[in-house]
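> Mind looking over this structure? Questions follow.
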Amino acid sequence: MNTSENFEDSPRRAALITAGAAGLGKSVAVELAGRGWDIFVQYGPSVRSADDCVAEISAAAEDAGGRVECSAADLTSPQDREQLVERVLEEFGRIDMLVNSPPAQPRPTEDLLELTEETYYRVLDMQLTATLFLTKLVANEMVRLAEAGQISDPRIVTINSISAYTTSGDHGPQCIARAGVSMMSRLFADVLGEFGINVYELRVGLISAGPADPSHSRYDSLIAEGLTPLRRWGRASDVARAVAAVADDLLPFSTGEIINVDGGFHLRRL
């Protein structure tokens, strides 16, 4: 995936953000664009148009003089993953940061005792396998670029969920996938440390999707009763600012770290 152009003199840093056309990925893209990063947004082939999203991210980047590019890619497809990474390198010549953001999609509900193999493999393919192999591709490019002196202090952030350790009997495959993603982050942190590539997991709690979400009223009550020490819903901006802390290199001597963005849910208090 080598590019012929010489980008060595370019001081701008580039971030690849998956699922960046909506949800948490979009919030992260807007935040980093406003902080001077060049942004490449991946979105799923089911997204009809990313024009509005790119316009919002571009508006955030305008004052900082950054660039925003985007591409549809099915991350469950090896060919699409390869083409996506090649496209980022063609546009920017570098990848300083990868943000694995979960796609904004409904979670299929299926009782564990009724779970089908089809559902299980579909969820793991989308949420774990695709993330693992995209991260592998990008990590290898980061190693190459770092050893060539074209980038320094690259980093990888994977946005995960409290489902990594919290059971939900009607979302079994999602819980298994999220637990796998957590181990994936630790494995990459272990392997990539010698190359100066820091790896982080953001473990996200209850993020408000608005009153239209059918579970909103239920969790409203639980939060008010003390489900989380910070008695409010999480916001997409909370997640974006946590990613920004990594992007701004505020945690340079940390890797394999779990950064909880969950209002204190992880305390598991009595």
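The values are calculated or read from the model by the stated rules, or taken from the named source; none is laboratory data. Keep in mind that what you see is a predicted model, and the values were worked out from it rather than measured. Cβ atoms come from the backbone with ideal geometry, glycine included; neighbour counts cover every protein chain shown.
> Going through region 115-139 one residue at a time, which ones are among the acidic types (Asp, Glu) and either within 24 Å of Asp213 (Cβ to Cβ) or touching a residue at least 24 places away in the same chain (Cβ under 8 Å) (or both)?
Once the filter is applied, which keeps residues that are among the acidic types (Asp, Glu) and either within 24 Å of Asp213 (Cβ to Cβ) or touching a residue at least 24 places away in the same chain (Cβ under 8 Å) (or both), region 115-139 yields only Asp125.
> Moving to a separate point now. Is one or more of the residues making up region 143-163 without any contact (Cβ under 8 Å) to a residue 40 or more places away in the chain and over 19 Å from Phe195 (Cβ atoms)?
Yes, region 143-163 has at least one match.
> Going by what's in this entry, would Asp213 be described as in contact with an Asp or Glu (Cβ under 7 Å, 6 or more places away or on another chain) and either free of Cβ contacts under 8 Å to residues at least 12 places away in the same chain or assigned to a loop (DSSP other than H, G, I, E, B) (or both)?
Spelling it out, it is not the case that Asp213 is in contact with an Asp or Glu (Cβ under 7 Å, 6 or more places away or on another chain) and either free of Cβ contacts under 8 Å to residues at least 12 places away in the same chain or assigned to a loop (DSSP other than H, G, I, E, B) (or both).
> Select, from Pro45, Pro78, the only residue that is farther than 14 Å from Leu134 by Cα and surrounded by fewer than 18 Cβ atoms within 10 Å (Cβ to Cβ).
Working: Pro78 fails: farther than 14 Å from Leu134 by Cα.
It is Pro45.
> Please go through region 87-107 and give me each residue that is in contact with a strand residue (DSSP E or B) (Cβ under 8 Å, 6 or more places away or on another chain) and modelled with pLDDT under 95, ordered by number.
The answer is Pro102, Arg107.
> Is it the case, given these coordinates, that Thr158 is hydroxyl-bearing (Ser, Thr, Tyr), crowded, with 20+ Cβ neighbours inside 10 Å, at pLDDT 95 or above and closer than 30 Å to Arg268 by Cα?
Yes; evaluated as a whole, the condition is true for this residue.
> Within region 116-133, is there a residue that is over 17 Å from Thr18 (Cβ atoms), buried (at least 20 other Cβ atoms within 10 Å of the Cβ) and either modelled with pLDDT under 95 or not small (Gly, Ala, Ser) (or both)?
no
> May I pose another question? Inspect region 181-201 for any residue being over 21 Å from Val28 (Cβ atoms) and of a type in the set (Val, Ile, Thr) and give the result as yes or no. Quick ask: steps written out before the conclusion?
Taking region 181-201 first, the residues over 21 Å from Val28 (Cβ atoms) are 183, 186-187, 190-191, 193-196.
With of a type in the set (Val, Ile, Thr) added as a condition, the list becomes 191.
Within region 181-201, one or more residues are over 21 Å from Val28 (Cβ atoms) and of a type in the set (Val, Ile, Thr).
> Go through region 100-115 and give me each residue that's in a loop (DSSP other than H, G, I, E, B) and buried (at least 20 other Cβ atoms within 10 Å of the Cβ).
Correct list: Ser101, Pro102, Pro103.
> On the basis of being among the hydrophobic types (A, V, I, L, M, F, W, C), exposed (fewer than 12 other Cβ atoms within 10 Å of the Cβ) and out of contact with any helix residue (DSSP H, G or I) (no Cβ under 9 Å at 6 or more places or on another chain), does Ala245 make the cut?
So Ala245 does not fit the description; no.
> Can I ask one more? Between a residue in region 187-201 that is part of a helix (DSSP H, G or I) and any residue that is surrounded by 14 or more Cβ atoms within 10 Å (Cβ to Cβ) and of a type in the set (Phe, Trp, Tyr), which pairs come within a Cβ distance under 9 Å, given they are 6 or more apart or on different chains?
Ala189/Tyr200
> Working carefully through the options Gln79, Gln42, find the one that is more than 19 Å from the chain's Cα centre (by Cα) and among the polar types (S, T, N, Q). Full working, then the answer.
On the way: Gln42 fails: more than 19 Å from the chain's Cα centre (by Cα).
None of the other options fit; the residue is Gln79.
> Anything in region 116-157 that is of a type in the set (Asp, Glu), more than 14 Å from Pro78 (Cβ to Cβ) and part of a helix (DSSP H, G or I)? List them, or say none. Give the derivation first.
Here is the first cut: in region 116-157, the residues of a type in the set (Asp, Glu) are 117-118, 125, 141, 147, 153.
The next check asks that each one be more than 14 Å from Pro78 (Cβ to Cβ); those that pass are 117-118, 141, 147, 153.
Matches in region 116-157: Glu117, Glu118, Glu141, Glu147.
> Would you check if there is a residue in region 205-223 being surrounded by 14 or more Cβ atoms within 10 Å (Cβ to Cβ), touching a helix residue (DSSP H, G or I) at 6+ places or on another chain (Cβ under 7 Å) and of a type outside the set (Gly, Ala, Ser)?
Yes, that holds for at least one residue.
> I want to confirm something. Restricting to region 57-91 and keeping residues that are among the aliphatic types (A, V, I, L, M) and assigned to a helix (DSSP H, G or I), which single residue is nearest to Met126 (Cα to Cα)?
Start the filter on region 57-91 by keeping residues that are among the aliphatic types (A, V, I, L, M), which leaves 57, 59-61, 64, 68, 72-73, 75, 84-85, 88-89.
If we keep only those that are assigned to a helix (DSSP H, G or I) as well, we get 57, 59-61, 84-85, 88-89.
Working: Ile57: 25, Ala59: 30, Ala60: 29, Ala61: 30, Leu84: 16, Val85: 18, Val88: 21, Leu89: 24 Å.
Restricting to residues being among the aliphatic types (A, V, I, L, M) and assigned to a helix (DSSP H, G or I), the top hit is Leu84.
> Ok, one more. Quick check on region 229-247. Is at least one of its residues touching a residue at least 24 places away in the same chain (Cβ under 8 Å), under 18 Å from Asp96 (Cβ atoms), more than 18 Å from the chain's Cα centre (by Cα) and assigned to a loop (DSSP other than H, G, I, E, B)?
no
> Here is a further query. Take Val199 and decide whether it is touching a Phe, Trp or Tyr at 6+ places or on another chain (Cβ under 8 Å), surrounded by 13 or more Cβ atoms within 10 Å (Cβ to Cβ), under 23 Å from Lys136 (Cα atoms) and hydrophobic (A, V, I, L, M, F, W, C).
yes
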